[in-house]
Structure formats: C-alpha cells, structure tokens
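To start, the structure under review is shown below, and the notes come after it.
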Amino acid sequence: MAVEIVYETHATTTDNEAGIATGWLPGRLSDLGCRQARELGERRPGEGFAAVFTSDLHRAVQTARIAFPDGRPPIHQDIRLRECNYGELNGQPLSLIAAQRAQHIDEPFPGGQSYRQVATATRAFLHGLATGWDGRRILVIAHSANRWALEHLLTGTPLEELLQAPPTWRPGWYYTLSAGWPASIR
C-alpha cells in the first residue's frame, strides 16, 4: 500500500505581493489569494481526499478553510509543515532570503532554522502519514520550503540542487509515499 499525496502551496499573501519573506510570521491572504483558495477548492472537489493537512501558520490555514469551507475533507493543522524559520529575517525582503538560501541548507538562519531542519520536520510528518494514512489520498497545503523537503525526501533530489534553482510554481505536485519508504535520505 501507499499514501497518495497531492501538494499545494498556500495561496498568494499580501507579503508575497510586496516581495516579503514571511517565514514564521502568520501572513494573510491578499484578495488574489482568496480567489486562488476558492479556485483550489473548485479544482480539487471530489478527488477522494481522506484529509487535508496544513501548516499551522495562518496563511496556510486560511487557504484550506476558504478552499474547503464546510470542513470536508477534514482539515488537520500540523506544526511540522511550517515554512522555514528565517529567524531575525522573518518579514524581510524575499530577495535577501533568496540570496542567502544556499548558505542555510545546514546552517540555521540567525535565530531561526536551516532547510535541513525543515526536511527533518517534514520527514517526521511523512512517517506519521505512512503509519496512519496508508492506502489513502491526502492533500497537503504548506509552504515552499516544505515542497522542497518533499521533493528531496521522496525523489532523492539533493537539497543543494533544489535551493539553487527552485522549481516554478504550479497548481499541485503529486507524490507517492510507498509503504517501504526509506527514512535514510539525507
């Protein structure tokens, strides 16, 4: 058996529009983001999701609640799906974070965390899915760092490669968490 994962990033925020890296700050959806969240619900109705898992940061929760206002499928918030904590740089220009991204694969941002730490949290989340959701299809709504972590953990793509040339946004990525998923990828 396996867990089928559909991954979506949270909808556009006011910070995204202003070129700000929100990090662990809550953030809020812009008018465009609210439309995108509604479109997510329209794009993904009746796709057989057993559950929606979302970061506990406001912008991801807001995306899920707008997309699925009746609470079906059930929405679960999970702290392990948080964006990278940029520490002292939370709320700073995205260009500043992007310029330093490769330096923080293993070394945490000052007062924050590293991308490897995000991958470790995501790995723990995946272990929970593997044991509790085997044979089911789930939707995950989180952040760019979590998407890179999923790509790293489930395809073996090195974090260094993902952070040098981050993939462009699209409406959804698909992953399979196999029953024999290895936890040893670094």
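Descriptive notes on the structure:
- Amide H partners (placed H, <5 Å) of residue 53, local residues excluded: 76, 139, 140, 141
- Accessible-area composition of the chain, carbon plus sulfur, in percent [1.4 Å probe]: 51
- Sorting 78-90, 125-137 by average packing, meaning the other beta carbons within 10 Å per residue, from highest down gives 78-90, 125-137.
- Part-to-part distance (alpha-carbon centres) for the stretch 133-166 and the stretch 1-67, which is given in Å: 15
- For the chain, the solvent-accessible area of protein heavy atoms averages 46 Å² per residue (probe radius 1.4 Å; ligands and nucleic acids excluded).
- Rounded to 5, the percent of DSSP beta bridges in the chain classed as antiparallel: 40
- Sorted peptide list for 138-146, 62-70, criterion being average Cβ within 10 angstrom, highest first: 138-146, 62-70
- Extent of the chain along its three principal axes (Cα atoms, max minus min coordinate, largest first): 41, 40, 24 Å.
- With R₀ fixed at 35 Å, the C-beta to C-beta distance from residue 164 to residue 131 puts the FRET efficiency at about 0.55.
- Label zone at residue 106, where the point sits 7 Å out along the Cα-to-Cβ direction: the stretch 145-162 residues whose backbone N lies under 13 Å: 159-160
The values are calculated or read from the model by the stated rules, or taken from the named source; none is laboratory data. In this text the structure is predicted, and so the values were computed from the model without any measurement. As a convention, Cβ positions derive from the backbone with ideal geometry for all residues, glycine included, and neighbour counts pool all protein chains shown. We work out accessible area using only protein heavy atoms, side chains counted, and drop any ligands, DNA or RNA first. Shrake-Rupley method; radii C 1.70, N 1.55, O 1.52, S 1.80 Å.
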